[in-house]
Each structure stands twice: as C-alpha cells, then as structure tokens.
Amino acid sequence: KSAMFATSDATFNLPNPLSSADAILSHPSLHAFLLSTSSLHSPNSLHVLTFDEETNQLSELGQGYELEGGKEVIAVKSVTSGTGFASTDEEGENEMQEEEEDVRCTVVSRDPSGSYHAGLYTLPQSGAALSTVQTFEVSPTRKRNLSSSSAISTSSTPPLSLSASAVTGQTPLHTCLHLGSTLLTGSTSTAHVYDLSAETESQTIETSQSYSTTCLVTDPHSPTSFAATDGRAVKIYDLRSGSPSCSVVAGSSVSCLDYNPNKPSLLLLGTSRGICSFYDIRSPLCPVRSLNGHKFPLTSVKYNRFHDQLCVSGDEGGKVSLWRAGSVSSSPLLEISDAESDGAGEGGIGLSPPGDEADTAAAAPTKPQRTLPDSRVSTAELEGDVAGLCWSACDAWCYLAVGRGGGATLGH
C-alpha cells in the first residue's frame, strides 16, 4: 500500500507558535510548504517543510529564514514558480537539485513598536550572506520615503532579501497578495494597492464600513478581482473600478473564504458558527450547500486545486476536517458499488489516483456506479487554533494544517 494513502498523518513540531502556511508552487515531484512563526518573545522566521511519500515523514529544509528587527509574522503567501531548493538523502548529500531560483513570497509582519509591514521577500540560496534591501514606505498620510541599503548578515541563518515593502503604520494588516506588478494588502476596513514599478500606493478600496474585514482572497479566474469579508457579507471587487460588483450574505459572520478553482461563480465560506457554506454569486441569497461539522468558528477553508470535490476546513478549537463535496463540484464523484474495491465510502475519498483512469474505465461496465454523497472524509486535531491550511502543489492528495501551538500535520 502506498505511503501516500497511509492511515497515519505525518507531523512536525516547531518551538514557536505558527501563524500561517502556504504551498510552494514548485517542482512537480516535491511537496514543499512555507510556514511562518509568530512569537512575541523570540526571533521569528520562515520555514520550509517537505514531505517524503515513501517514509510518510515531514522534515525541514535548512534552518529557517529570520525576519529583520524581531518582527512577528502575521501571514505568508508563496509567489514563486520554482522551489530553488535541493532535497537531501540520509547522508546529507544532494539527491535532487532544482533550478537555481530563489523562492519569493509576500509577508505581513508586525514590529515591536506595533507597526504593520507588508512586503515582497526573497528566500536566498543557502549560504547567501549579502542582502540588498530596496524599500518604499507609505505612512497613513501616504507620504513616500525611498531608501536603499546593503547589509552583511553575521547570523548563521540566511537573511531574507526584501524586494519591496509597504509600511502602513499602526493600521492592522492581515493579508498581502502579489498580483504581477502590484501588491494587494488587506486591513480591517481597507484594501491597499501598491504599484511596485512606481514604488507608491496607487489605490485604496474601502472594504468595510460597519464591520471588520478578516479575509481577502484574489480570484484565480480574473487577475483584477478579489473577494473580501464584511461581517456576514462577502463582496467581490474589481481593481479597475474599485467598487463591489456583487456580494453574498451568509447567516453568520464570515471568517474565511476561498474560490472554487473550476467554477468561477462558486465561493466556499467559513463562518463563525463553524459551517462551511457554498455560495453561487449568481444566486447570492442562499447557500447551495452547507456542511456542518465544527463546534468553533472557522479560521481557514481551502479548495483542492486539482479536484474541486475536495476541500478542507479548520477551526479555533484545532479541529481540521477533510470534506467530500461532489454535489457542488464541476464533476460528480462516482463510487463502484463494491466500496471495498476502490477504498471509497466513509473514510475514503472515492477518487482514482492520477494514472488509474484506464483501470476505472475498465471496471465500469461490470460494476454499477452511484454518486457519492457529500460527507466528511477524515479529521485531525492540532494544538491551539488552526493557523493555516494549504494543499500541496505537487499532487491532489496531500494537505498541510498548522496550529498556533507550533505543530504541523500533513493529511492525505
């Protein structure tokens, strides 16, 4: 039986609380994840974890990457097209060398004085010591201050190379997304758009007047659209107009959301009541489907990038749920009547692994199929609330969940 479908999850623990995680868009044979820490009492850093399918183990590449000035990391988002890392075998020798390409990511951080920062960072190759920093700062009054400096790191940990930074003072930030030549940051009531080429803030969009915007997500189907929470509502904005084009209203406060990767009109909302609600923006008054399996407010929901029948959710109590939601997907999930023949049914996903399509087709004429019901496939428990969820960019079968307590769990 392949380790990819082992019944036990892979775990890894870091000494500091974790604040977020994202998959590195990488080499197709490497499961790589970017994690961030958020501690008020010790230096914070970014960490790269990889998953080995054969041993069913998570391990860290390198020693992590420290942020300058003791900043607390609020969120990290990978924007790279390659890993730039080399995996190693048990003897410590390179087993596979990727292209020499640095990993880029956006980071939201908070310094000891309480100021929030959002920037586009580069994780240098191991051993890099020289860090060139080019920054532009935007104060609450939008005055620009350009600076450029070079610094030699004396730490054994490689420094982060800051490509561009926007500082918004005491305004709390929770999101920073990279959109080509712009950075899009989200605060409690406003989305800020920064032009990296002109090194200035180009646009401010008010996302909430009465409530607090807790989540901002870009539309994978449109490079100029994003969705933002506003209390019980989710509003869809267009960067070209700066105004909401449509909105949906849930039954309780929306704490997190994600776009369906295959159906542009479908949104997955996570609510303060622990409910995963699927909304079609063309009929925004009622959800087309709801999945209820959490006792605490949801902190994160994520669609599977390869199969939109699968999604994962996490809550403030540390519970992670893997869901099968074929009824609202781009294609239904089918199960052969003899559930034991394909591992479907309760506790199984019911999807054929890549490359098994021929076997499934051959079995269809002899065994009748039925549509699999929507249900929870599996659960996991983390220490502290769930700080982040992400699906592996390598294939469809792995997701990573991280908790505030410092633990990371890879489910499959």
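The values are calculated or read from the model by the stated rules, or taken from the named source; none is laboratory data. As the structure is a computational prediction, the values presented were derived from the model and not from experiment. Positions of Cβ are generated from backbone atoms using ideal geometry, with glycine treated the same way; all protein chains shown enter the neighbour counts. Accessible surface areas use protein heavy atoms only, side chains included; no ligands, DNA or RNA. Shrake-Rupley method; radii C 1.70, N 1.55, O 1.52, S 1.80 Å.
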Just checking, how many residues over the range 379-406 are in a strand (DSSP E or B) and either touching a helix residue (DSSP H, G or I) at 6+ places or on another chain (Cβ under 9 Å) or buried (at least 20 other Cβ atoms within 10 Å of the Cβ) (or both)? 12
Check Ser330, Ser300, Ser337 and return the single one that is over 30 Å from Gly403 (Cα atoms), modelled with pLDDT of 90 or more and of a type in the set (S, T, N, Q). Ser330
The correct count of residues that are in contact (Cβ under 8 Å) with a residue 40 or more places away in the chain and touching a His at 6+ places or on another chain (Cβ under 9 Å) in the range 197-217 is 4
Tell me, yes or no, whether the range 183-190 has at least one residue that is more than 23 Å from Ser247 (Cβ to Cβ) and either of a type outside the set (Gly, Ala, Ser) or open to solvent by 30 Å² or more (accessible area, probe 1.4 Å) (or both). yes
Could you please give the count of residues in the range 101-119 that are at pLDDT below 85 and open to solvent by 10 Å² or more (accessible area, probe 1.4 Å)? 3
